[in-house]
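Data first, discussion second: the structure below is written as structure tokens.
The values are calculated or read from the model by the stated rules, or taken from the named source; none is laboratory data. Note that the coordinates shown come from a computational prediction; the quantities given were computed from them, not determined experimentally. All Cβ positions, glycine included, derive from the backbone under ideal geometry; neighbour counts span all protein chains shown.
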Amino acid sequence: MPPQGSRSYPFCTAGGYDMGATIGNFRDLVRKAYEGELKLPGFQRTFRWRPDKVVKLYDSLRLKYPIGSFLFLQGNGELLAPRVFNGSAVEAVDKQTSFLVLDGQQRLTSGVHLFYPSGKRQYFIDLNKLDALVTEQSVDLESETSVADFCASIDFEDGYLISKNAVTDPRSLLINNDLLCTSIVTNAISFNVASSDYVEAKPGRKNLMLRLVQPHFSLHENDGVPHIDIDEKTSISAISRIFTTLNTTGQMLTPFELVVASLFPSKIDLQKEVNDFRSEGKYYPQMDSTGEILLQTIAMSAGVDQKKSNLPKEITAPIYVQHKKVAFLALEDLGEFLTANLGCGLNITGSLVPYDAIYAPMARALQHVKDKGLTGPDLAEAHRKLRLWFAASALTQRYQEGVHNKQTRDFKEMVAWIDGNGSRPDWIAQAQTPSLRNKSFDGAVGKFIQCCINQRDPRDPVVLAHKVGFRTDAMTTEKHHIYPSKFVQHLNGWDKKVDKADTLLNMMFVERGTNKSWLNADPRNHINEAKKNLAEQALVENYRLQFIPPAGFELLTRPEKTTEEFYEFLELRQAEIRKWITDHFGIAHQDASAPDDDELSLDEELVEAA
């Protein structure tokens, strides 16, 4: 049966399951979600809407705009592990549910937060802002037409509705702060009482409250919204399939969320198992924020397509169960390898790895090496090739685009090369270190150079005993501009339209306290401060750990500096970095005449989706 108060239309049959279209009231549906009569299946995503999207929903409700349809499953859904909505009443857990919400969680949860002040955020009509807008637009509050036109013209971008951290008594903010909680405007009686209290306390706002806010900002009317009800006899697998293909909000489900839903009928709680792996792992938590890396590694272990968009089709329950533990351990092994051999610091952060697209194929390749049981020189040679793969992929920005095909091809070519059945892949053989002059800290090349610095055991320039970088025993580390951004503006010949200090070659690791004390000053002053604790020879060597050679150190100590000397410093540092890369990886660098292109920063998932 449809929810009480709804209008039902004839049932139809589609795809082997019965459905019926029903018109309900959004306010009533929100109440049912709050009280527990409506619940969510266990495989549903968590509430994700940011406050700005909740504000937009309120604006649509106020203006009586359509907010989309909903999809419900009849019955208590016991086999789907029903759970309550975020912000629902305490008693909702024990309430017998009659419908599960398959599509509409974000809107209904937002409604709960708007109608009931029970969540972590509460929403308020800012009466001061409304009054200012009325004055600014010369609204005649005595004219119903003028008021109506004004209310129709403003929207969420005007900032009349704000979000705040929850307070115990949001009603108290009306008189004290001119903030009217949305939970008040959803109840006609409460709204009338609050309006009277406000007008009594602030008679100058009488017209604003009674002629504008009350008639146009209430949510106590029932607006009809359509929802489709699926018969409770529908199989769990069909429900899962419906969930993965129907999404009326326009917010795409991620591949991971789709796999969560597709595995649920097999009694696999993927979200929980991934969280368990994160709790168990030392490196994995920093490598896979979404769960998709694990699924890609599983796919590659099973020999099926690891393209993210195809994961819901490829990751079946038998494949997941068979390969999940192997994939997790392979990623853990890779995290340890990258941290110990390449300075990636994956026991601390995932921010230094240029491309997470390398995780699944390299984890499988490292697993292949382990399965072969290589030892001694053979193992060392295999590891050398893996390190070269990582370095070359960063320096050539290999996984900037065409990620899926390159993952598959690179894995196969690397395994053949390791096994002696193939030669070094052409793209690795042709790899070169590009010009570093316009590279950013956080592009692929910049992250790789940070890994290189991290690997060289850098120390804070002021306190040599303090390790810096991203590793277990390091002090809290920040990225410091060697020539501070404000300092370079005063260099002789500096043109702020052309010259910039925010570049990779002008970055080093320092302790947080050092960075704070070194802001905006001449690098010479920094070095003089460091000399109070260290002999100059030790300080020169300390700077060299971060690829600043003695000649570059000497430039920093000069009392007067020019823009030309700034670029001379960058060139000296670039040469030091390039030499180290050649010595450690055998990768040459581009000729000085090669074009100096700015590094791209495309989003990997957008490129792959295209």
Number of the condition not met by S517 [criteria: (1) surrounded by 15 or more Cβ atoms within 10 Å (Cβ to Cβ); (2) of a type outside the set (A, V, I, L, M); (3) modelled with pLDDT under 95; (4) under 41 Å from the mean Cα position of the chain (by Cα)]: (1)
Test for F115: is it buried (at least 20 other Cβ atoms within 10 Å of the Cβ) and closer than 30 Å to I154 by Cα: yes
Per-region count, region 256-273, residues more than 11 Å from G291 (Cα to Cα), crowded, with 22+ Cβ neighbours inside 10 Å and modelled with pLDDT of 85 or more: 1
Any hit, region 266-282, residues being within 30 Å of F441 (Cβ to Cβ) and touching a residue at least 40 places away in the same chain (Cβ under 8 Å): yes
Residue list for region 434-454, filter: in a loop (DSSP other than H, G, I, E, B) and within 12 Å of N506 (Cα to Cα): L436, R437, N438, K439, S440, F441
Leading residue by the ranking (modelled with the lowest pLDDT) among those in region 305-323 that are of a type outside the set (A, V, I, L, M) and under 24 Å from the mean Cα position of the chain (by Cα): S309
Residues within region 402-461 that are farther than 20 Å from W580 by Cβ and aromatic (F, W, Y), tallied: 3
Whichever residue in region 160-176 is closer than 23 Å to T135 by Cα and surrounded by 14 or more Cβ atoms within 10 Å (Cβ to Cβ) and, among such residues, is farthest from the chain's Cα centre (by Cα): I175
Search result, residues across region 334-358 that are closer than 24 Å to P255 by Cβ and either among the acidic types (D, E) or surrounded by fewer than 22 Cβ atoms within 10 Å (Cβ to Cβ) (or both): G350, S351, Y355, D356
Wholly enclosed helices (runs of 4 or more DSSP H) of region 519-581 bearing at least 3 residues without any contact (Cβ under 8 Å) to a residue 12 or more places away in the chain and not small (G, A, S): 536-544
Total residues in region 472-490, condition assigned to a loop (DSSP other than H, G, I, E, B), in contact (Cβ under 8 Å) with a residue 12 or more places away in the chain and surrounded by fewer than 18 Cβ atoms within 10 Å (Cβ to Cβ): 2
I482 being closer than 16 Å to E568 by Cα and within 32 Å of the chain's Cα centre (by Cα): yes
Top-ranked residue in region 36-53 [being farther than 22 Å from A166 by Cα and at pLDDT 85 or above; ranked as surrounded by the fewest Cβ atoms within 10 Å (Cβ to Cβ)]: E37
Residue in region 334-342 that is among the β-branched types (V, I, T), in the same structural domain as M287 (by TED's automatic domain parsing), within 18 Å of N275 (Cβ to Cβ) and modelled with pLDDT of 95 or more present: no
From K56, K64, residue being part of a helix (DSSP H, G or I), within 23 Å of E221 (Cα to Cα), modelled with pLDDT of 85 or more and of a type in the set (K, R): K56
Tally of residues being touching a residue at least 12 places away in the same chain (Cβ under 8 Å) and at positive phi across region 119-170: 1
Filtered residues of region 420-447 (kept if among the aromatic types (F, W, Y) and farther than 30 Å from E529 by Cα): W427
Residue that is small (G, A, S), modelled with pLDDT of 90 or more and assigned to a loop (DSSP other than H, G, I, E, B), where the choices are S279, S218, S289, S301: S289
Filter pass, A327 being assigned to a helix (DSSP H, G or I), more than 25 Å from the chain's Cα centre (by Cα) and buried (at least 17 other Cβ atoms within 10 Å of the Cβ): no
Answer from Y359, Y355 - the residue that is in contact with a Lys or Arg (Cβ under 8 Å, 6 or more places away or on another chain) and either within 23 Å of C451 (Cα to Cα) or without any contact (Cβ under 8 Å) to a residue 60 or more places away in the chain (or both): Y355
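So that you can scan it fast, the table gives a plain yes or no per residue for (1) charged (D, E, K, R); (2) over 30 Å from H227 (Cβ atoms):
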position: N128; (1), (2): no, yes
position: L141; (1), (2): no, yes
position: E157; (1), (2): yes, no
position: T186; (1), (2): no, no
position: R211; (1), (2): yes, yes
Some residue of region 501-510 being at pLDDT below 95 and either among the polar types (S, T, N, Q) or in the same structural domain as S393 (by TED's automatic domain parsing) (or both): yes
Single condition T514 does not satisfy, out of (1) of a type in the set (V, I, T); (2) free of Cβ contacts under 8 Å to residues at least 12 places away in the same chain; (3) not in a loop (DSSP other than H, G, I, E, B): (2)
